[in-house]
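Asker: The structure follows.
Each value in this text was obtained by applying a stated rule to the coordinates, not by laboratory testing. Bear in mind that the values here come from a model prediction, so they are computed numbers and not experimental data. Because the Cβ atoms are built from the backbone with ideal geometry, glycine has one as well, and the counts that use them run over all protein chains shown.
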Amino acid sequence: MTLRERCAFLSRWFIGRYCHADPRTLGLARIVIGMLLCADTLRHWAAAGRYYSDVGVLSNRQLLAHPSSDFNFSVFNAFSTPAEVNVAFGCALACQVCFTLGWHTRVFAVLACVWVTSLDNRLVLVENGGYVVVNLLTLWLAFLPTGSRFGIDAWQRGSREHRADSIGELDERHRPEWLDAPHVSLASFLVVLNLGVIYTFNVVNKYGETWRTGATIHYVLHLDRMVTGLAVFLREHVPYRLLQGATWLTLVTEALLAVTIFWPTHRRIARPLAIGLMFALHATLGIVMRLGPFSWFMIGWSTLLLQRTHWDALETAHRQRFGGVSVTLAANRPLALRLGRVLARLDRTGSLNFAEGPSDGPLIEAEWHGQRSCDREAYRVIVRALPLGFMLGPIAHFGTLGLGSFLLRALAHRSSAIERFFGWEHSETPLRRTQSFWPKPLRTGLRYGREGLLALLVFCSTSALLHDNKSIPPLLQHKQLKAVRATLGYLRIFQGWGMFAPNPVREDGVIAVDGYTIDGRRVDPFTGQAPDLDLSDARGLGLGQIEQDYFNRIRLDRNRVYHPALSEYLQAWHRRTGAPEDELVAFDVFWVRDRCPEPFEKQPREPENVCLISWRKSHHRARPGTPALPARCKETSAEKKD
Amino acid sequence: MKVLRLLGQRFFRIDARSLGLFRILFGCVLLIDLKERWAWLPAFYSNDGVLPNHVHLFQLRESGRVFSAFHAFSLRDETFVAFCVTFAFYGFFTLGWHTRLFSVASAVALVSLAGRNILTNSIGDSAAIALLLIGVFLPLGARFSLDSLRHSFASCDEHSPAALNDRTRPATVETGPGLAGLVLVLVVGLIPLAAALQQKGGAWARGDALYYALRSDRWLSAMGEFVRNKASLRTLTVWTKLLRGCEFAILPLALIPVGRRFVRPAAMLALGMVGATFALCFNYGPYGWSLLAALALLVPEETWNARRTGTYPIRVIYDEDCGMCLWLARLLKRLDVRGNVSFLGNGTVERGETADLPESITSAMVQRSIVVIDPKGRVHTDALAMSHVFRALPFGSWLGHAVALPGLRHAVAALYHRVAARRLDISVACGLGACGLPDKSSENDERGSTNSSVFPPATRLQKGARGVLTTVLVGFVFATFLAATDANNNLPVRSGLGTRGTLLGAASYLRISAPWGLWAPEPAMHNETLVTVATMRDDRELDVLNGAPPDPELAIPRRHRLGPLWAAYVENVHASDNPTFRQELRRYLTRGGRVSDEQNQPTGVNKLQAFWVSAPIPAPGEPASGLVERVELLDTGNLPRPSHAGNVEFGRGSLLRREPRSEK
């Protein structure tokens, strides 16, 4: 074997192993990640008034005056008032729904990417590793043909290319080439590579003492601003030794994940193992801590690990379990033929066989294991034989408000009227396959352009990888080019992976506002309750991810520039509540903090309140009977070297 | 019933060809307008300019109701990208590619451009936005567009000369029936009418209005200056009266439902007169040009149908085995709207079926080249054949003659031979059939589906629902237009919508401020503008708005023609008592104004003064008084030399503080 032949062999091996993506995998990933994107958008939408509008803690004008980084662009900056911001979120959600449904998938994948990065750039204060994961995932998906299966685009393409004109033709099982052809692209490799890189560096960067001693989970469970109620239960009831074991198990799991994702052989086992481990790890993390999108999107990302062999195995299993259903459709009935077409298109596993019945017989009949059924029972048998059919039944029941039987009866009895309504009684125009209007070289050129753009992103991502990770030796550290910084900054696709690395934070804290209303009450506008300036007795603060990350970042010295915006927000509290007596005449904003308890201890240490902002309404005179306002506290830095 | 249908056709229909032509013309207007704005990108659309985005948003926080996607772009480079995207939107709209989508995108872009700096808004922005917004609801891409071409290619897949010669047109959307057609014509007519109704001043009565308007340097174009210098007072008086008369006449003439072959040209003449006056002699942004583009809307169906057909009949013999040749023949068929071209396959000659063909046509000739038989029966090949093909196409005569010129003809022939020799390879590379082997699509039927004239109830319901929705939306946009017109104009007749907060809010968001009262009640009697006197570090004195020596006497009109953006901006910033706007203007000017924009770095301004200069325009026939009033708007005194200039990255406003940071 010459060197050239060896290179060619290696190249073929590599492309065959890592650059192929099954269209079914891409379709599934689109649906899962699209739904997660919708959920994440709804989560942010719920906080839009406080965090994303001009009546919130950081209006667009204040952000534009003091951008959070050199390269900051957000479509949301064009939307000011709460109503406008609602429109923006509506547009974002619409794009993500269209992406999920696979309608004009490529366009909406790009638009979803724009909205996702815009949302992140609008309030970088609340960004965490999860946001970067979302940015990366949507970016890579924009380069992949995720709409080639399980979507409206795929359905329309199939309808354009083939149509069974008789019940006999339904059984021919037309299966176009594009339905199963794997997608070969650099993006297919990158999307898996990036996943492996995340786990690799998450392991490599965890070289701190707490990981070695196994105390990490103990500390993390005591971060009241982040944890859920389940974490409080665990830290109070699970012995320290078990938590120690869990810490090491986490490290081992992440290391195993890095290996199984890249493992080139036995992928039929390695990849499902990786998916299982990812699900177990992130589901645990997701229900114990409020980390925002991180856990759920990592689970979503794991769907991209499925291989063709897994799909084939699933199809075979499904066919063996539910296959062999004979569907008899009434002859010369356009409605029956159309129903048959829909079923044949949905039945990609070949579980259904079609036959022609008498024209005056029932519209549709089914036979399975010698049992003949019609009407509702027939539909039940047929739907169950379709992929994921066991889920379709309850969904249809729910969607029709329990009127499924009635609707099916109506469909059977009123079939002639339905055919007339849709004009189906006339003969159909012949199906014409047309070529693309655009010449082939243009399409080829676009493909090369896509790969070139991916190569550019690989360059930027590699630079980020070397620049952002603590474990990279100084020899490889470098000064990034402006173009690279711009690409990474605008798209927010950093590659610094090290959650709780090298050691987890041990300082717990929250923002508390000690506000004085015009009628003499003390209130914290963030909670609406009396201010709580003691964190040591907390059993989880119940804060959402946006809230807790905003509190954690606004205290930092570099974000002092945003303190006037926070102050403005607090001063306008009575306008939001609509109660004039809620007007604040004074407030002190504190960073209320303590230190997580050491192993085998339960009580936090070193509780402290740091004054960040102190404000008194000028020329204010206290009403008779209300207590005098205290003196302004001294504003200091809340940053503390660990 | 017949009368009603006729009225419906007359009022609610615009011919699809008129709409297609309007789209192309209006798209060109948008592109020219964008070019004008692009020249002032740093000044008006970036944070280096007269109004950074955050300052603008801060000023709008109380009044609100302004939206601009350009607020999201801060730096010059970011804004450049936004302009490129806008250019793409306008370009695709003009070409008619996904027309509906890009007409909406173009409308959003235009509204955003207008909303980025409300001090630059003028009558042109409002007029263009109103026309574009209503155009969104019309099938602007049904003709003369890539969409129609794609649709035609998809619906009729010809594979033989007989199919190519079949000119029966498949049923398409010929017109845009519905409220939108009427509303668009109404808007085109109402804008000049609203202006005419307010032009009640003495200058209009005397016929001096144009005389005065032509002496306001800020709004003048180069041609306007030429007209001012050359036209006699009598000419201007007649022109003034004619202009106002035309403004009054457009709407009534456009709405007369009978005799349209004669009434519509009259309406077009009036609209052309008004549009050309404002487009050529003045610089009110896209105002005059939009009116000129709207001329296309008034071309009636009868005029289109009366066009001459078969004026230059030619026969084209093409290679039947070449996919590319067939594709070009199909394209040619679609471009040949006058039906001049008939097609023959080269197989006809090879089979010897040449009874009606000149004897000089041989089998070798048709294998080697395209062959054209011109109206006189002469046979042409290569470049000359192409020349005759071009001559047979609409607007192709000049190109055809150009291709036939010696020199160019030889170059085209050489190029033609290179392509022709590789035509089969190119066909294969482009995915088209070649070598007589039909591609998959040739299995299909040649004719498109014959659209049934009777739609099933479901389709009728769908069409009806879409029609109702469109009507509601068009009605809302028109109501918004009327509300803004009511609120911002002093009209004798009012619609009563000018007090509706919702409609005024929508008008504000859409930037339809409707300042239709141009030169009303009469034009300004003073020639006014902003003049800056900047003393540079090297002791030169410059006007930093135009980079030339200051002209505080307004003696050189050319120097004060800075375009509609500056003309509107300086007027508004002078009239506004908002100190922030002036502060930002001062910041921009002290950095060097346009001079620094062009050099992309701050210039060394040592001292700067800005004056609002006002010179009274002498009455017709009287000499200039020579009195010039100068009101000082800014005086910076001696500016400190920026010590840290080397560390400041140009492109960021002084209020911006950016720190590199990783927030993760």
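Asker: Sorted from largest to smallest, which semi-axis lengths in Å does the alpha carbon gyration tensor of region A:507-616 give for its equivalent ellipsoid, taking the root of 5 times each eigenvalue?
Answerer: After diagonalising the Cα gyration tensor, the semi-axes are 26, 16, 12 Å.
Asker: Using only Cα positions of region A:1-152, each an equal point scatterer, no hydration layer, compute I(q)/I(0) via Debye at q = 0.16 Å⁻¹ and quote the log10 values to two decimals.
Answerer: Evaluating at q = 0.16 Å⁻¹ gives log10 I(q)/I(0) of -0.85.
Asker: If you don't mind, there's one more thing I want to ask. Rank A:Thr253, A:Val325, A:Leu556 by how far each Cα sits towards the positive end of the charge dipole of the protein assembly as shown (+1 on Lys, Arg Cβ; -1 on Asp, Glu Cβ) and give me just the farthest.
Answerer: A:Val325
Asker: Over all residues in A:103-113, what is the mean tally of Cβ atoms on other chains that come within 10 Å of each residue's Cβ?
Answerer: 0
Asker: Between B:Ala364 and B:Cys28, what is the spin-label point distance in nm, taking each point 7 Å from the Cα along the Cα→C-beta axis?
Answerer: My value for the distance between the label points is 4.7 nm.
Asker: Which order do B:His71, A:His174, B:His151 fall in if you start with the one that has the fewest other Cβ atoms within 10 Å?
Answerer: A:His174, B:His151, B:His71
Asker: Arranged by the count of other C-beta atoms within 10 angstrom, fewest first, what order do A:Trp140, A:Trp248, B:Trp40, A:Trp311 take?
Answerer: Ordered from fewest to most neighbouring Cβ atoms within 10 Å, A:Trp140, A:Trp248, B:Trp40, A:Trp311 come out as A:Trp248, A:Trp311, B:Trp40, A:Trp140.
Asker: If you don't mind, there's one more thing I want to ask. List the equivalent ellipsoid semi-axes of region B:215-359 in whole Å, largest first, each obtained as the square root of 5λ for an eigenvalue λ of the Cα gyration tensor.
Answerer: Semi-axes, largest first: 50, 20, 13 Å.
Asker: Under the definition of Cα pairs under 8 Å and six or more residues apart, what whole-number percent is the relative contact order of region B:314-443?
Answerer: With pairs under 8 Å counted, the relative contact order is 30 percent.
Asker: Would you be so kind as to identify all helices of chain B, as entire DSSP H runs, whose Cα atoms reach 24 Å or more along the helix's own axis and whose mean Kyte-Doolittle hydropathy is at least 1.6?
Answerer: B:179-198
Asker: Considering Cα pairs under 8 angstrom that are at least six residues apart, work out the relative contact order of chain A and quote it in whole percent.
Answerer: 16
Asker: Could you work out the Kirkwood radius for the protein assembly as shown, taking every pair of different alpha carbons, averaging 1/r and inverting it, reported in Å?
Answerer: 36.5
Asker: Given the convex hull of the Cα atoms of region B:526-638, what is a quarter of its surface area in nm²?
Answerer: With every direction weighted equally, the projected area is 7.6 nm².
Asker: At 24 angstrom or more along the helix axis (alpha-carbon based) and mean Kyte-Doolittle of 0.0 or higher, what helices does chain A contain? Whole DSSP H runs only.
Answerer: Both cut-offs are met by A:23-46, A:82-101, A:105-122, A:186-204, A:240-262, A:267-288, A:440-468.
Asker: Sticking with this one: Name the residue farthest towards the positive end of the dipole of chain B from the options B:Asn489, B:Tyr318, B:Thr120, assuming +1 on Cβ of Lys and Arg, -1 on Cβ of Asp and Glu, about the Cα centre.
Answerer: So the residue we want is B:Asn489.
Asker: Also: Report relative contact order for region A:314-422 in percent, whole number only (criteria: Cα-Cα under 8 Å, sequence separation at least 6).
Answerer: Relative contact order here is 27 percent.
Asker: Scan around B:Leu633 for amide H atoms under 5 Å from its own, H built in the peptide plane at 1.01 Å from N, and keep only partners 5 or more places away or cross-chain.
Answerer: Under 5 Å from the amide H of B:Leu633: B:Ala610, B:Phe611, B:Trp612.
Asker: Separate question: Where in region B:252-268 is the amide nitrogen less than 11 Å from a point lying 7 Å along the Cα-to-Cβ axis of B:Leu6?
Answerer: Residues B:257-259 fall inside that zone.
Asker: Could you put A:Ile33, B:Ile250 in order, starting from the residue whose Cβ has the fewest other Cβ atoms within 10 Å?
Answerer: Least to most surrounded, the residues fall as A:Ile33, B:Ile250.
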